[in-house]
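The values are calculated or read from the model by the stated rules, or taken from the named source; none is laboratory data. As the structure is a prediction and not an experimental result, all values here were calculated from the model. With ideal geometry, Cβ positions are generated from the backbone for all residues, glycine too; neighbour counts draw on all protein chains shown.
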Amino acid sequence: MSFVRANSVTHHVQVLGQGPRVFFLHGLGIGNLASWYFTAAAALSGQHQVVMYDLRGHGKSERIASGYDLATLAADLGSLVDHLGQEPVSLVGHSGGGLIAMRYAIAHPERVRRLVLLDVPLSPARILHLDRPELHDPARLLASLPAHLRESARPGRRRLNNLLGTLEFLFSQSSLVDDLSAEPDVSDEMLWRLGCPLLCIFGDRSYYHSHWEQPARALPLVRTEVLPGGHHIHLEQPEAVSRLITEFLDG
């Protein structure tokens, strides 16, 4: 475990393995690097250097009241890439983390080798509908979590209180809601500017999959995979997701 100052924010960073560098980005709201640490990251670390970090305001990273727009979050990523060196890198992002990775790849195509997006919305504001639980009722919060997070929070009140505190901060004391609500939808023009090979993974119960069907057909370097599951497909199908990511990055 280490802490890195990037774009004026202290980020909690974990690095595993050696080899071509891959950054893993978790979702906004309910999410931290642990969602990758216990799933795909370990599987890839045998042949890649896996970099996971808590986004600003999440997990053990510094709680900053502002800067949750995609441009600033992508600048955080860029600052970490600069700090660690070795380019180009591959990026793997879930939900809002995928939006950040995509924004960075569009702005810096020469710095991104491959891009993996897991159930990423084309409308950033829609993240708020899936990842904003009832904050003031611990029982309802626990019931709303994906099974992996629900089980990790259940053994101790401290873990649940930490999660409640993070969510309370993000949704009530930071600009996250306003920043995401102000983000425009991802346009076809933006997608066409992605110059690297792209893998999109969805659950078959995904709300977002249908939104990608038409633009995906127009992208020359895209591959789409659908697995049984919902929005948190990397937690529901960790082995299958790890296999797909490994095959794609090594292809």
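A few points about this structure:
- Just so you know, in region 21-42 the residues that are touching a Pro at 6+ places or on another chain (Cβ under 8 Å) and under 14 Å from V92 (Cα atoms) include one that is surrounded by the fewest Cβ atoms within 10 Å (Cβ to Cβ), and it is T39.
- Of all residue pairs spaced 6 or more apart or on separate chains, those with beta-carbon atoms under 7 Å, a first member in region 50-79 that is aromatic (F, W, Y) and a second member that is assigned to a strand (DSSP E or B) and surrounded by fewer than 24 Cβ atoms within 10 Å (Cβ to Cβ) are Y53/H12; Y53/V13.
- Residue count for region 43-58 under the criterion of being surrounded by fewer than 20 Cβ atoms within 10 Å (Cβ to Cβ) and either under 16 Å from T10 (Cβ atoms) or in contact with a Leu (Cβ under 7 Å, 6 or more places away or on another chain) (or both): the result is 1.
- Of everything in region 9-38 that is modelled with pLDDT under 95 and out of contact with any strand residue (DSSP E or B) (no Cβ under 9 Å at 6 or more places or on another chain), the residue that is farthest from A71 (Cα to Cα) is F38.
- Unique residue being hydroxyl-bearing (S, T, Y), modelled with pLDDT of 90 or more, in a helix (DSSP H, G or I) and out of contact with any strand residue (DSSP E or B) (no Cβ under 6 Å at 6 or more places or on another chain) when the list is S152, S181, S172: S181
- Test: residue in region 199-210 that is more than 22 Å from G67 (Cβ to Cβ), at pLDDT 75 or above, exposed (fewer than 15 other Cβ atoms within 10 Å of the Cβ) and acidic (D, E): yes
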